[in-house]
Each structure stands twice: as C-alpha cells, then as structure tokens.
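Structure first, commentary second.
The values are calculated or read from the model by the stated rules, or taken from the named source; none is laboratory data. Predicted model only: the values in this text are computed from it and were never measured. As a convention, Cβ positions derive from the backbone with ideal geometry for all residues, glycine included, and neighbour counts pool all protein chains shown. Ligands, DNA and RNA are stripped out before the accessible areas are found, and what is left, the full protein with its side chains, is counted by its heavy atoms. Shrake-Rupley method; radii C 1.70, N 1.55, O 1.52, S 1.80 Å.
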Amino acid sequence: MKIIVAIKQVPERDAQITIAAGGKWIDAGDLAYTINEPDAYALEEALQLKEKLQQAGKSGVEVIALCAGPERVASTLREALAKGADRAIHILSDDLGSRDTLALAQLLAEAIRAESPDLILTGLQSEDLGLGQTGVVLAELLGVPHATIILQVEPTATGLRVKRELEDGWFQHIEMPLPALLTIQSGGNKLRYATLMGIKKAKSKPTATIAATPAHAPAAIELTRVYLPEKQKRTQMLTGTPAEIATQLVEKLQSEVRVL
Amino acid sequence: MSGVLVVVEARNGALSRVSLEALAAGQHLAKQLGQACSAVVLGEGVTPVVDELRAKNLAGILAVEHTLLRQYTADGTTAALEQVVRKTTPAHVLFPHTYRVRDFAPALATRFGEVLISDVIAIQPGPLFVRQLFQGKLNADYRHSGSGPCFVSVQAGSFRADALEPASTPATVEAISVDLTPAKIRTVPSEPFRESAHTVDLASAAVIVSVGRGIREQGNLPLVQALADALGAELAASRPICDAGWLPMERQVGSSGQTVSPKLYLAVGISGAIQHLVGMKGSKTVIAINKDEHAPIFEVADYGVVGDLFEIVPALTKAIAAAKS
C-alpha cells in the first residue's frame, strides 16, 4: 500500500502576526514556521496505519510526505522523514500566495497522479488560511472518493472503514473503496516525536524536488485586503497586580454580572 | 447568471438554525445586488421543510427529492446540486458552514472551476466576503473573480435568524428531478451515533469556567477547578484540552463540542480560535484571561486581563471565596 500525506508549512501558532505594507498579506520577515497541526495528525495516522499493516504481515507499505512551497518547507519535510515517512516530494514554488485552492490542488494532483497511491491523507484545514478545502478539491481532481474530518482509519478487505466526526458530539462510520482521500481531524491520535535515530536515518532518505508548473487558469477568488478584526464588544481591560485585578473582577461579578 | 440560491439543511424535519442564518445572509446579499433570493432543499420527504420555507420571503423554492438523497453522501449531494446549479444558473450559491457543507461544497465548486469562499462572517458591498485568517487573528476581504457561480459558506452566528424576512405571499415551489445512480455513490455511510453519555449539560449552565492550552499541563487543572468551584460554575474546555484527554469530550465547547450561552463565560488561557468562539459567543458576559494581548478571545470579551493565569486565577479564587464569606 502506498500512502501520500499532503502537508503544509504554516507560521507557528504563537507567532506575532503583523500586516505587511500594502495590506494584502502578512509580514513574513522573521516568522518561524512549522507543520500545520492537522497535517501532523494526518502524518501520524499514515505512520500508524503502516505499522498496523506491517504487524498484519503486509510488506511494501510506503509513506510519502508531499509539500508545496519555497525552500523553507524542506525543513518540514525533513521532520516528516525523521518521524518515519519513507521519502518526500517537494513541489518547489515561490508563488503559492497568488494561487487559489484549485490551482494549488492541481499542483498537488499532478505530483500525486505520478505516484498512483492507494490512499491520500491530509489535515482537515490549515491554521493560516483555514479554507478547509484542499483535501476535498484534490479528491475531486483525482476522481477518488473522500471523507472529511476523520478520527480513525481501519483497513478492511475491500477498502477502508473510517470514523467521521459530526457536530455536537455525534460520529459516523463510513466505508469506502481504495484509492481514496481522507482529511484528518486533530486529536485522533497521539503525535510522536522524531527520535535521534529517526533524525539520523532521515538524512539518507530521498527527497524529490519538482518545479511547480504555472497555474492553469486565473484565480477564481482573490484576497483583496487583510486587517485587524474589529472588536465585536467594547472590552474593558483590567490592569494591576494579580490581587488588584482579582478585586476588580469580584466587583464586576457582584455589581455587573451579578453571579456573586 | 442571476440571483442568490441558498442551500438549506433540515434537522429532524425542520430547518436548522444555521440554515435560517444562511437564508438571512442570502436575503441580505440579494438586496445588495438587487436580485432575487431562492432556496433549495435536498432529501427524501422534504415537504415539511418546503412548508417552512414558504413562510419566508423568497422568490422561489426548489425541492429536490430522491431516494439516494435520504442519507447524506458527498457523491450524491455534489451530483444533485451540480445539476440544480447548471439548470437554474444562480450567480451566488450560499451554504451554512456545517460539517456536511465542508464535506461536499469544495468538490461542487471544483466542478464549475470555482473555489468556495468558506466560513464567511460578513458580506460587505461589492460584494466583499469577510472571513478570518490565522485562527481569528486577522480578517480578510475576498472577492469572487471567476466567471462561473460564486460559492460561499456562512459561519454560524454571523447572521441573525430573527432578521429573516417573512413572506408576504408564499413563494412558488418547483420540484426538480435529478439523475442519480447507486453506482455513482462510492461511500457507504452508517447511522450517526454518540459516544459519551452526555451527563454534563453545559448548554443550561449559568456560569462556565473554561480552560485552554494556556494551562500547559493536566497537573495544573486543579487551579481552574478551584475557581469553578468557588463560582459554582461548570468546568469546560477548548478542544486541545479534551483531545489530550485531560477533560472528557463532553466538556468541550466549540463547533465540534457544545454550544453554550451562560450568564458568565470565564475563559482561562483560551486564545479563541473561530471553532471555539462559535460555541460561546452567545454568552451574556465574557471575561478572558490570557497572556497574549492580541488573542482573538479579547474581541468577544467584556472584561479582559492580559497576564499570567498562574498568578491571576489563584488570586481570583481567593477573592471570590472572601467575597462570599
């Protein structure tokens, strides 16, 4: 079984985001980047699936990490290799920001088609743009069935049985044939760390770098401006020592909120 | 291409709240454009929903019935809606941003060479569609630049269901037949189920103390439990805390957990990602304690404290206990 995990590199969660001059995107200057968290869970699911299949006596299970982006994304791919991916594919592109979801998915689809995988996994959404669509668009372009917001994956005789999260604490099982694409929800598994041995081994694992082809069509949607959200409420900020803040809060709880 | 078409969802035979909000968004956009707003419902036995729609101010109601639409599948819904959109040629197609819409709408847009503008919180003249980036740290305006229909999903709570205009005369209902075959539906869904017993009813709690990543480790939870006890509050959490198993899933607030609207919501160490905010922004009063002054939770907070929760929470617990005695 060949599994491709499509991952994205995003600014670290605690990064101080500032708006770039021109107001069309963020200042990328000193940002530290990391793997998109839901994609880390997709990689974990792939690695666990590989281990499960190997324990069941299946050989030839391969996990490939795929990422599009500039030079810097190589570090995220190296980390995926250190965690246990067998090889990596880097679609080298410096203009991802000008491509919409469809154009990006077309880039990924071209690389995936060349590999003919049995299963494609990716996170349910990115932590930067948060459009939550790349996986589904990719499935549509590849002509394979998909399921989204998945917490568990079990191989069956004919394909897969997956557990999909619904709203308000509901779940559902879905069965599907292979090849297929799943978007993985965070939190379904415990993420592993790269071991020293893994980091050492990663150095000898192959990474194929392919050049991005130009977008097929003009973008269908366009981001025209980024800005700080307007406050939905007038927030009164309380300051002072912890004891002073506590006194002010108690006063609010008694006189304004009336819960004391 | 003209008009706004809103795709609604039914829950237990009635329009879901988010569908009513999407209809309100549809009416708002249609008015901006000087165009008509219609609605479409898919399924089997949709008559009760159609009757409910007839009471709303709509130019038309499309009813799509098929046995293969009884249970939701991405393949069935995508194929049916593709046929509806090709036949009725709306300029804009609006959806509520539900887990179901997230599952099929991107594929539907792809069939038209378009990209869904997802999770929209406001529609400005242009039209410009406002959505959030970086877990709610920034807002962004998006414009549709494609030549086909513009697909948009609307975040829960962004438009008011009670702003929905009632019908002066009931809209005409058109039954649309779609061509679906079992062979085209590649996934087999089973019936939805619930895992936890749901013994904790956060939705009816008057006071909630909620904890997020800022608490750092499970061993620190007694700190917020003590605050909740002092206030007589239910303890709740954001998703990462429940994912880590530090608190049971039934205490999770947000799009994948419970939706709450207490008198007081005290958020401790919660940054306020969109998925969390949709579950608690109906709270009457919100107090937020967070180390990051730019945390999006402060956008919905009435009172904010920027500081170290490990210092502020014990001080607050002590002060509350003193005030009560």
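Have a look at B:ALA91, B:ALA109 and point out the one that is out of contact with any His (no Cβ under 8 Å at 6 or more places or on another chain), modelled with pLDDT of 95 or more and open to solvent by less than 10 Å² (accessible area, probe 1.4 Å).
B:ALA109
I need the full set of residues from region B:269-279 which are within 12 Å of chain A (Cβ to nearest Cβ) and of a type in the set (A, V, I, L, M, F, W, C), in order please.
Scanning region B:269-279 gives B:ALA273, B:ILE274, B:LEU277, B:VAL278.
I'd like to know if region A:225-239 contains one or more residues that are more than 30 Å from B:VAL268 (Cβ to Cβ) and at the interface with chain B (Cβ under 9 Å from one of its Cβ atoms).
Yes: one or more hits.
Return the residues of region A:148-192 that are open to solvent by 40 Å² or more (accessible area, probe 1.4 Å) and among the basic types (Lys, Arg); say none if nothing qualifies.
Those that are open to solvent by 40 Å² or more (accessible area, probe 1.4 Å) and among the basic types (Lys, Arg): A:ARG161, A:LYS190, A:ARG192.
Got a sec? Which of A:ARG78, A:ARG13, A:ARG72 is within 14 Å of chain B (Cβ to nearest Cβ), not in a strand (DSSP E or B) and not small (Gly, Ala, Ser)?
A:ARG13
Given the residues B:TYR142, B:TYR99, which is the only one that is closer than 18 Å to B:GLY254 by Cα and in contact with a strand residue (DSSP E or B) (Cβ under 8 Å, 6 or more places away or on another chain)?
Answer to the check: B:TYR99.
Part of a helix (DSSP H, G or I) and more than 21 Å from the chain's Cα centre (by Cα): does that describe B:ALA230?
Yes, satisfied.
Of the residues in region A:82-96, how many are under 28 Å from A:PRO214 (Cβ atoms) and open to solvent by 20 Å² or more (accessible area, probe 1.4 Å)?
Number satisfying all stated conditions: 5.
Here is a list of conditions, (1) within 11 Å of chain A (Cβ to nearest Cβ); (2) over 25 Å from A:THR134 (Cα atoms); (3) among the charged types (D, E, K, R), and B:ASP103 meets all of them except one; can you say which number that is?
Against the list (1) within 11 Å of chain A (Cβ to nearest Cβ); (2) over 25 Å from A:THR134 (Cα atoms); (3) among the charged types (D, E, K, R), B:ASP103 comes up short only on (2).
Could you list all residues from region A:163-182 that are in a strand (DSSP E or B) and within 18 Å of B:GLY76 (Cβ to Cβ)?
A:ARG164, A:GLN172, A:HIS173, A:ILE174, A:GLU175, A:MET176, A:PRO177, A:ALA180, A:LEU181 - these are the residues of region A:163-182 that are in a strand (DSSP E or B) and within 18 Å of B:GLY76 (Cβ to Cβ).
Looking at region A:46-61, is at least one residue closer than 30 Å to B:ILE270 by Cα and assigned to a loop (DSSP other than H, G, I, E, B)?
no
Anything in region B:299-317 that is at the interface with another protein chain (Cβ under 7 Å from one of its Cβ atoms) and farther than 26 Å from B:LYS137 by Cβ? List them, or say none.
B:ALA315, B:LEU316
Could you tell me which of the residues B:ALA80, B:ALA74 is open to solvent by less than 10 Å² (accessible area, probe 1.4 Å), touching an Asp or Glu at 6+ places or on another chain (Cβ under 7 Å) and modelled with pLDDT of 95 or more?
Being open to solvent by less than 10 Å² (accessible area, probe 1.4 Å), touching an Asp or Glu at 6+ places or on another chain (Cβ under 7 Å) and modelled with pLDDT of 95 or more holds for just one of B:ALA80, B:ALA74, which is B:ALA74.
Please go through region B:10-54 and pick out each residue that is at pLDDT 95 or above, small (Gly, Ala, Ser) and not in a strand (DSSP E or B).
B:SER19, B:ALA22, B:ALA24, B:ALA25, B:GLY26, B:ALA30, B:GLY34, B:ALA36
Against the condition in contact (Cβ under 8 Å) with a residue 12 or more places away in the chain and touching a Lys or Arg at 6+ places or on another chain (Cβ under 8 Å), how does B:SER118 come out, does it pass?
So B:SER118 fits the description; yes.
What residue, of B:LYS291, B:LYS284, B:LYS263, is without any contact (Cβ under 8 Å) to a residue 24 or more places away in the chain and open to solvent by 20 Å² or more (accessible area, probe 1.4 Å)?
Of B:LYS291, B:LYS284, B:LYS263, the one residue that is without any contact (Cβ under 8 Å) to a residue 24 or more places away in the chain and open to solvent by 20 Å² or more (accessible area, probe 1.4 Å) is B:LYS284.
Given the structure, is A:ALA109 under 15 Å from the mean Cα position of the chain (by Cα), part of a helix (DSSP H, G or I) and over 25 Å from A:GLU51 (Cα atoms)?
no
Look through A:VAL226, A:VAL257, A:VAL250 and report the one residue that is without any contact (Cβ under 8 Å) to a residue 40 or more places away in the chain, among the hydrophobic types (A, V, I, L, M, F, W, C) and not in a helix (DSSP H, G or I).
The match here is A:VAL257.
Mind listing just one residue for me: the one in region A:16-44 that is among the charged types (D, E, K, R) and away from chain B (no Cβ under 14 Å) and, of those, least open to solvent (accessible area, probe 1.4 Å)?
Looking at the filtered set, the residue picked out is A:ASP39.
Quick check, is A:ALA103 over 14 Å from the mean Cα position of the chain (by Cα) and modelled with pLDDT of 95 or more?
Judged against the criteria, A:ALA103 is a match.
Conditions (1) of a type outside the set (Ser, Thr, Tyr); (2) modelled with pLDDT under 90, marked per residue:
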| position | (1), (2) |
| --- | --- |
| B:ASN139 | yes, no |
| B:TYR142 | no, no |
| B:SER153 | no, no |
| B:SER168 | no, yes |
